[in-house]
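Colleague: Provided herewith is a single structure, encoded as structure tokens, for subsequent inquiry.
The values are calculated or read from the model by the stated rules, or taken from the named source; none is laboratory data. For clarity, every value in this text was computed on a predicted model and none was experimentally measured. Cβ: placed from backbone, ideal geometry, glycine included. Neighbour counts: every protein chain shown.
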Protein chains: 2
Amino acid sequence: MNKDSKIDNETLRHSASHILATAVLEMFPDAKLGIGPAIEDGFYYDFLLPRTLIPEDLPLIEKKMQHLIKQNLKFEKYEEPIEEAEKFLHKTKQDLKVELVAGLKEDGETKVSFYKTGNFVDLCKGPHIDSTNKLKAVKLTHISGSYWRGDNERPQLQRIYGVAFNSKEELKEWEERMRESAKRDHRELGKKLDLFSFHHEAPGAAFWHPRGKFVYDQMVNFMKAENEKRGYEEIATPIVLSSELWKQSGHYENFKENMYFTDFEEREFAVKPMNCPGGCQLFAEKLPSYRELPIRHAEFGIVHRLELSGVLHGLLRVRQFTQDDAHIYCTPEQLEDEIVKIIEYTTDVYKSFGFENFELFIATKPEKKAIGDDTTWQKATNALENAMRKLKLDWGVKEGEGAFYGPKIEFNVKDAIGRNWQLGTCQIDFNLPERFDLNYIGEDGEKHRPVMIHRAIIGSFERFLAVLLEHTAGDLPLFLQSEVARIIPVASEFAKEGEKIMKELKSKGVRTGIDLSNDSLSKKVRNGELMKIPYLLVVGEKEAKSGKLTVRERGKEKQETISIADFIKNF
Amino acid sequence: MNKDSKIDNETLRHSASHILATAVLEMFPDAKLGIGPAIEDGFYYDFLLPRTLIPEDLPLIEKKMQHLIKQNLKFEKYEEPIEEAEKFLHKTKQDLKVELVAGLKEDGETKVSFYKTGNFVDLCKGPHIDSTNKLKAVKLTHISGSYWRGDNERPQLQRIYGVAFNSKEELKEWEERMRESAKRDHRELGKKLDLFSFHHEAPGAAFWHPRGKFVYDQMVNFMKAENEKRGYEEIATPIVLSSELWKQSGHYENFKENMYFTDFEEREFAVKPMNCPGGCQLFAEKLPSYRELPIRHAEFGIVHRLELSGVLHGLLRVRQFTQDDAHIYCTPEQLEDEIVKIIEYTTDVYKSFGFENFELFIATKPEKKAIGDDTTWQKATNALENAMRKLKLDWGVKEGEGAFYGPKIEFNVKDAIGRNWQLGTCQIDFNLPERFDLNYIGEDGEKHRPVMIHRAIIGSFERFLAVLLEHTAGDLPLFLQSEVARIIPVASEFAKEGEKIMKELKSKGVRTGIDLSNDSLSKKVRNGELMKIPYLLVVGEKEAKSGKLTVRERGKEKQETISIADFIKNF
């Protein structure tokens, strides 16, 4: 997708949100409007409404939208002094918009722009399409709750989501992708494959069943082994840490809303939302020599972040998760080389898990809030760019989207049905080394500040597994399968023979299970298929006599009869 | 130690605490007395004093005690109606004792006893020694803080600890043991071996350094592998769970004081102090058939328990720790066999870690609070006893010390200097299966309650490592050593040769490090010895030419020169 068509899509989708608002105002003249931006594939608009919407409202609203679109209404822009705008919004009782304008005024704005479409007028910067005839493929998708300005102490709004495309074909493609996504929904797969569950008592925190815990551990162990190969050392820091630490790190100021707090012995503690402050404290215990750098501390830390229960979504959006976190402390001279290593490491890992397509972005200095001078930012950004060049990689730029404490690389993967997922990150941090007074002794015998890199490749294991399940539709790579082969005795008299074979396969390192239920042969085969077991091994009289196995390999039509020795060669 | 001499010791030590109180009252006539029981090796007494004690006070108090002891004062018992006792204690302004008597009165007591020694009179049940000439070996050891009745909202008291023995020889032995213990203090070893640290920001929660994290992971991986061999499946449940769950499990009622609470979206959550309720929820998701039992769910759960900061002690008493927890659900018929397996498993593990001496205790039905009828308790206790008999093991009985929900086995190990540590536990639970309505389908097609066993072998990995460090004085078993061999180049020009050898050893699975510092050879050797590295490999010109290694094996006087191939044979 080139840059131009992307802008087109954004404009298109933003314009569709205005038409949605127009339709909703026709239906509920007293509706208060929140905001209505374009998002990936579509748009939403937030409303304060006199009643709760039901799914059946969507077709009605959509019909009104189609009616408006057919009139080929123009999008007309005009500007007004901010005081006039305030009067107008007061008069039309758009209280939420009044608040937005008040904010703009505080920021020193003197004029604002409006867009008018038919009878509908909205405070808006634009841009918009010329007229509604460009809206050839618009569809409303679902309703959810949201809070005004994301603040759960402000009024709860109702958010209507929709999609908009340049053509009916694109909409069809999207619908096809959605049907495919639904089949791949990791929450459903998690149930079917008996991997994990959620309970009301712990919103956003998974209960890992034995099969799921196996997958989880295999992912963690894979990363542990890679870390070791690549010169990382592993540490672990506490889960509950006092607010003094979070004040020192700046999280108390910037991240408090997302943290769990608790009090004891007149001290306030928080359940950690990030591993970095604990990691910095551990680094600060010693004053290493430049000869010991780079120091690469990996931590598979369990973190907790408060998310509103309304936005929790399976393993994709959770409150408790484990990161494959690492903090690298190096000299400025080592920075570029470390970044090269991180990029190589990250893309190697994605390939090992079966992701062949990924995109990299460099996020640069934010316009407003940012610490560190321009030269430092430029050097760090150069290091990121040079590393990319060295590896002959392409990258996109997210202007101003860096963290306030430094620029970063974002790693996105594309899944089997074309969706993009942000997973890994590599962030340079100018902030924490200052706040924790981190030092090393240089060649000159003096103290120096190390450069600190935060990097996560998997990101959150929970989220990564969700993406992997949806990418593979549940056919996980073999090394993540807790049951690579399942023995299916055709009748109970072959159970013993089956157990003998299981024992042999297990002794050869093939993770093997057996179905000893009273189900019929066809039911057992069907169950094995539903669980997506890679190899189903049917054992009956023929097999018991010949010492061979009848193997049904997943995804292959024909079954084969082969010796155990030959079967083991598959692994 | 036979039962009689144990009673003697208790009496002796309790009597010593009266003499301590007498001496303190001489020094501080306004002192308020708390309680003064006998404990292992000695005694303590709690006081509310007009000033904070300093260590220099101890010899002064001890001198006064010796003076009292020399007078050969008699311990004289007398009884009084409880109202008289109250009047007396009021008159002598012993407010804390007044509170104790009030408690006895509420419990329906009508008479209480006092003991008089010289001028000192104390509310006391006894028994006591006849006279102070039996106190031949008494010594005060240290001061600490405590709360009246262990309640941190009540006055803070000062506790003086002492030891008392039947003879000067026994005291000397104890002092020798203490000197040996001090050398083995796991907190000191943790620093020296660079395993872990503690910070003010997280009292009672360790920061694991790379070397310590290695030991930790090796312990966990050892248990994971054993679990798998022994038919356990691993699960993981959330860390933060809502109070609804803790009310259902009974922890809210019985364990609330030791839990961290937090609120969000108008719900109360607790950081889990135990894994069982989450485990029960997971079990309850399915209704297994009797054919699937026993189900053995292992969970390496991180738990948090609030402990007053005054009682925290290195890794031995912490707020955050990981348990090698498991919950076994079985039929009543399977119970005995499961217990046999648990006992075998537990003692096997202790032996693997180098503990050869252990004691087992059965703790039986508590007199007061206990759920379940006598028959059920008897059956369960029989199962524990029968399992012991089957394994030809001796056991002690802790009458009435079972949990309120069922009888249990406690596993104690004896360390290299004769101290006992309680580590593992195997508890039968009649409570949670009821509270969580756990069921399986029996052969009759009906629902049945499974028997639930809680078992932990390591107990807390933190505590276990503390005991292991003190037991081995830091010379951990080889499989727990992150650096089994360290290469020491005699000068910088042999660094390259050293690195070559390191690479070769690593490729053969020998965890090898190298000392590339600018230190002198003797300093490097000394550092390697301080870190208790099992093998130090000196590499100089001779070694580089001959391709051999000069090996200094820990604990051996002589060094050997052998080929790399021969060295590898050690592993």
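Colleague: Does A:Glu285 satisfy being in the same structural domain as A:Glu434 (by TED's automatic domain parsing) and under 27 Å from B:Phe261 (Cα atoms)? It would help to see each step written out before you state the result.
Modeller: Working: in the same structural domain as A:Glu434 (by TED's automatic domain parsing): yes; under 27 Å from B:Phe261 (Cα atoms): no.
Considered against the rule, which asks whether it is in the same structural domain as A:Glu434 (by TED's automatic domain parsing) and under 27 Å from B:Phe261 (Cα atoms), A:Glu285 comes out as no.
Colleague: Do you know which residues across the range B:276-311 are assigned to a helix (DSSP H, G or I) and either at pLDDT below 95 or more than 10 Å from every other protein chain (Cβ to nearest Cβ) (or both)? Full working, then the answer.
Modeller: Kept after step one, since they are assigned to a helix (DSSP H, G or I), are these residues of the range B:276-311: B:276-284, B:290-292, B:309-311.
The answer is B:Cys276, B:Cys280, B:Phe283, B:Tyr290, B:Arg291, B:Glu292, B:Ser309, B:Gly310, B:Val311.
Colleague: Exactly one of (1) closer than 18 Å to A:Glu188 by Cα; (2) over 29 Å from the mean Cα position of the chain (by Cα); (3) not β-branched (Val, Ile, Thr) is unmet by A:Lys524. Its number?
Modeller: Tallying (1) closer than 18 Å to A:Glu188 by Cα; (2) over 29 Å from the mean Cα position of the chain (by Cα); (3) not β-branched (Val, Ile, Thr), A:Lys524 fails exactly one: (1).
Colleague: Continuing with this model, one more query. If you go through the range A:126-157 one residue at a time, how many are outside any strand (DSSP E or B), of a type in the set (Lys, Arg) and at pLDDT 90 or above? Spell out the reasoning first.
Modeller: Of the residues in the range A:126-157, the ones outside any strand (DSSP E or B) are A:126-130, A:132-136, A:148-155.
Subset that is of a type in the set (Lys, Arg): A:134, A:136, A:149, A:154.
From what is left, the residues that are at pLDDT 90 or above are A:134, A:136.
The number of residues fulfilling the criteria is 2.
Colleague: If we scan the range A:121-131, do we find a residue that is without any contact (Cβ under 8 Å) to a residue 24 or more places away in the chain and under 34 Å from the mean Cα position of the chain (by Cα)?
Modeller: Yes, because at least one residue in the range A:121-131 is without any contact (Cβ under 8 Å) to a residue 24 or more places away in the chain and under 34 Å from the mean Cα position of the chain (by Cα).
Colleague: Of the residues B:Asn119, B:Asn133, B:Asn72, which single one is under 20 Å from B:Val24 (Cβ atoms) and either touching a Pro at 6+ places or on another chain (Cβ under 8 Å) or not acidic (Asp, Glu) (or both)? Give the steps one after another, and end with the answer.
Modeller: On the way: B:Asn133 fails: under 20 Å from B:Val24 (Cβ atoms); B:Asn72 fails: under 20 Å from B:Val24 (Cβ atoms).
Checking each option against the conditions leaves just B:Asn119.
Colleague: Okay, next question. Check whether at least one residue in the range B:74-84 is in contact with a helix residue (DSSP H, G or I) (Cβ under 6 Å, 6 or more places away or on another chain) and of a type in the set (Val, Ile, Thr), and report yes or no.
Modeller: Within the range B:74-84, one or more residues are in contact with a helix residue (DSSP H, G or I) (Cβ under 6 Å, 6 or more places away or on another chain) and of a type in the set (Val, Ile, Thr).
Colleague: Let me ask something else. Is it fair to say B:Leu438 is of a type in the set (A, V, I, L, M) and more than 30 Å from B:Ala383 (Cβ to Cβ)?
Modeller: Values: of a type in the set (A, V, I, L, M): yes; more than 30 Å from B:Ala383 (Cβ to Cβ): no.
No: the conditions fail for B:Leu438.
Colleague: In the range B:514-552, what residues are among the acidic types (Asp, Glu), surrounded by fewer than 15 Cβ atoms within 10 Å (Cβ to Cβ) and closer than 20 Å to B:Gly474 by Cβ?
Modeller: Quick first cut of the range B:514-552, residues among the acidic types (Asp, Glu) only: B:515, B:519, B:529, B:541, B:543.
If we keep only those that are surrounded by fewer than 15 Cβ atoms within 10 Å (Cβ to Cβ) as well, we get B:519, B:529, B:541.
B:Glu529 - this is the single residue of the range B:514-552 that is among the acidic types (Asp, Glu), surrounded by fewer than 15 Cβ atoms within 10 Å (Cβ to Cβ) and closer than 20 Å to B:Gly474 by Cβ.
Colleague: Which of the residues spanning the range B:427-469 are charged (D, E, K, R) and more than 12 Å from the chain's Cα centre (by Cα)? Walk me through it before giving the result.
Modeller: Here is the first cut: in the range B:427-469, the ones charged (D, E, K, R) are B:429, B:434-435, B:437, B:443-444, B:446-447, B:449, B:455, B:462-463.
B:Asp429, B:Glu434, B:Arg435, B:Asp437, B:Glu443, B:Asp444, B:Glu446, B:Lys447, B:Arg449, B:Arg455, listed by residue number.
Colleague: Still on this structure, I have one more. Are any residues in the range B:361-404 surrounded by fewer than 19 Cβ atoms within 10 Å (Cβ to Cβ), of a type in the set (Val, Ile, Thr) and at pLDDT 90 or above, and if so, which ones?
Modeller: Result: B:Val397, single match.
Here's the yes/no breakdown for (1) in contact with a strand residue (DSSP E or B) (Cβ under 9 Å, 6 or more places away or on another chain); (2) among the hydroxyl-bearing types (Ser, Thr, Tyr):
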| residue | (1), (2) |
| --- | --- |
| B:Leu89 | yes, no |
| B:Lys93 | yes, no |
| B:Glu106 | no, no |
| B:Ser131 | yes, yes |
| B:Lys136 | yes, no |
| B:Leu140 | yes, no |
| B:Gly145 | yes, no |
| B:Tyr161 | yes, yes |
| B:Glu170 | yes, no |
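Colleague: Consider B:Glu434 against the criteria (1) buried (at least 22 other Cβ atoms within 10 Å of the Cβ); (2) of a type outside the set (Lys, Arg); (3) modelled with pLDDT under 95: it satisfies all of them except one. Which criterion is unmet?
Modeller: For B:Glu434, the failing item is (1).
Colleague: Same structure again: Please state which of the following conditions A:Gly314 fails to meet, knowing it meets all the rest: (1) out of contact with any Gly (no Cβ under 6 Å at 6 or more places or on another chain); (2) closer than 30 Å to A:Gly150 by Cβ; (3) within 9 Å of another protein chain (Cβ to nearest Cβ); (4) buried (at least 17 other Cβ atoms within 10 Å of the Cβ).
Modeller: Every condition holds for A:Gly314 apart from (3).
Colleague: Do we find that B:Asn518 is within 14 Å of chain A (Cβ to nearest Cβ) and on the phi < 0 side of the Ramachandran plot in this structure? Full working, then the answer.
Modeller: On the way: within 14 Å of chain A (Cβ to nearest Cβ): yes; on the phi < 0 side of the Ramachandran plot: yes.
Considered against the rule, which asks whether it is within 14 Å of chain A (Cβ to nearest Cβ) and on the phi < 0 side of the Ramachandran plot, B:Asn518 comes out as yes.
Colleague: Taking A:Phe28, is it of a type in the set (Phe, Trp, Tyr) and surrounded by fewer than 20 Cβ atoms within 10 Å (Cβ to Cβ)? I'd like the intermediate steps shown before the answer.
Modeller: On the way: of a type in the set (Phe, Trp, Tyr): yes; surrounded by fewer than 20 Cβ atoms within 10 Å (Cβ to Cβ): yes.
Yes: the conditions hold for A:Phe28.
Colleague: Moving to a separate point now. Looking at the range A:214-245 only, could you name the residues that are at pLDDT below 95 and over 27 Å from A:Ile343 (Cβ atoms)?
Modeller: Correct list: empty.
Colleague: A:Thr331 versus (1) in contact with a Cys (Cβ under 9 Å, 6 or more places away or on another chain); (2) surrounded by fewer than 20 Cβ atoms within 10 Å (Cβ to Cβ); (3) away from every other protein chain (no Cβ under 11 Å); (4) in contact (Cβ under 8 Å) with a residue 60 or more places away in the chain: which is the lone unmet condition?
Modeller: All conditions are met except number (1).
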